[in-house]
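Student: Structure in structure tokens, see below.
The values are calculated or read from the model by the stated rules, or taken from the named source; none is laboratory data. Keep in mind that this is a model prediction, so the values were computed, not measured. Neighbour counts run over all protein chains shown; Cβ positions are idealised from the backbone, glycine included. Accessible surface areas use protein heavy atoms only, side chains included; no ligands, DNA or RNA. Shrake-Rupley method; radii C 1.70, N 1.55, O 1.52, S 1.80 Å.
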Amino acid sequence: MLVDNRIATAFAATTAAAALVTLGTATSAAADTTYPAEYFGTPKAGTGGLILRAEDGAPTNSGISEGTHFEFLGQCVRVNGVDLIEVHQSEPGGWGPSYTGYIRRQFADIPPNLPC
């Protein structure tokens, strides 16, 4: 019984510490914001797909095709007045070597409650 209590106590402490780390996650730049990765979406209809961008907003040689699902990775940045969200393509459909990058929020079909 003592061993069970120690295991339960250790598990509770580990879970609480993990929750604090998750809630306390922050980025180095004040303009950046980090949130839990629990949102999914696609490029908006009519866009033809979205170019993946670097954190500074520069386009990469990769993109996500229209209708292809991506997962929001919890990072939002604002570059020259444009909101970018970090995503990871979660199914085939796109171009280029990268499946993770930033896309323009305005062209993403994502839940309206996405904090950014």
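Student: Find all pairs meeting these conditions: Cβ atoms under 8 angstrom apart; at least six residues apart or on different chains; first residue within region 91-116 and over 12 Å from LEU50 (Cβ atoms); second residue acidic (Asp, Glu).
Tutor: Final answer for the pair search is THR100/GLU86; CYS116/ASP83.
Student: Kindly indicate whether VAL87 is modelled with pLDDT of 90 or more and not aromatic (Phe, Trp, Tyr).
Tutor: yes
Student: OK, next. Specify the residue that is surrounded by the fewest Cβ atoms within 10 Å (Cβ to Cβ); the eligible residues are those in region 77-93 that are among the β-branched types (Val, Ile, Thr) and touching a Ser or Thr at 6+ places or on another chain (Cβ under 9 Å).
Tutor: Applying the filter and picking the extreme gives VAL77.
Student: Among the listed residues GLY101, GLY93, identify the single one that is at pLDDT 95 or above, out of contact with any helix residue (DSSP H, G or I) (no Cβ under 8 Å at 6 or more places or on another chain) and of a type in the set (Gly, Ala, Ser).
Tutor: GLY101 is the lone residue from the list that is at pLDDT 95 or above, out of contact with any helix residue (DSSP H, G or I) (no Cβ under 8 Å at 6 or more places or on another chain) and of a type in the set (Gly, Ala, Ser).
Student: While we're here: With THR42, THR68, THR60, THR25 as the choices, which residue is hydroxyl-bearing (Ser, Thr, Tyr), part of a loop (DSSP other than H, G, I, E, B) and at pLDDT 90 or above?
Tutor: None of the other options fit; the residue is THR68.
Student: Next question. Just to be sure before I move on: is GLY74 touching a Ser or Thr at 6+ places or on another chain (Cβ under 6 Å) and in a loop (DSSP other than H, G, I, E, B) in the structure I sent?
Tutor: no
Student: Test ALA12 against the stated conditions and say whether it is modelled with pLDDT under 50, farther than 28 Å from PHE107 by Cβ and of a type in the set (A, V, I, L, M, F, W, C).
Tutor: Yes, satisfied.
Student: So GLY93 passes all but one of these: (1) over 16 Å from ALA58 (Cβ atoms); (2) out of contact with any strand residue (DSSP E or B) (no Cβ under 8 Å at 6 or more places or on another chain); (3) among the small types (Gly, Ala, Ser). Which condition number does it fail?
Tutor: Going through (1) over 16 Å from ALA58 (Cβ atoms); (2) out of contact with any strand residue (DSSP E or B) (no Cβ under 8 Å at 6 or more places or on another chain); (3) among the small types (Gly, Ala, Ser) one by one, GLY93 breaks only (2).
Student: Same structure again: Would you pick out the residues in region 94-116 that are in a strand (DSSP E or B), touching an Asp or Glu at 6+ places or on another chain (Cβ under 9 Å) and open to solvent by 30 Å² or more (accessible area, probe 1.4 Å)?
Tutor: Correct list: THR100, ARG104.
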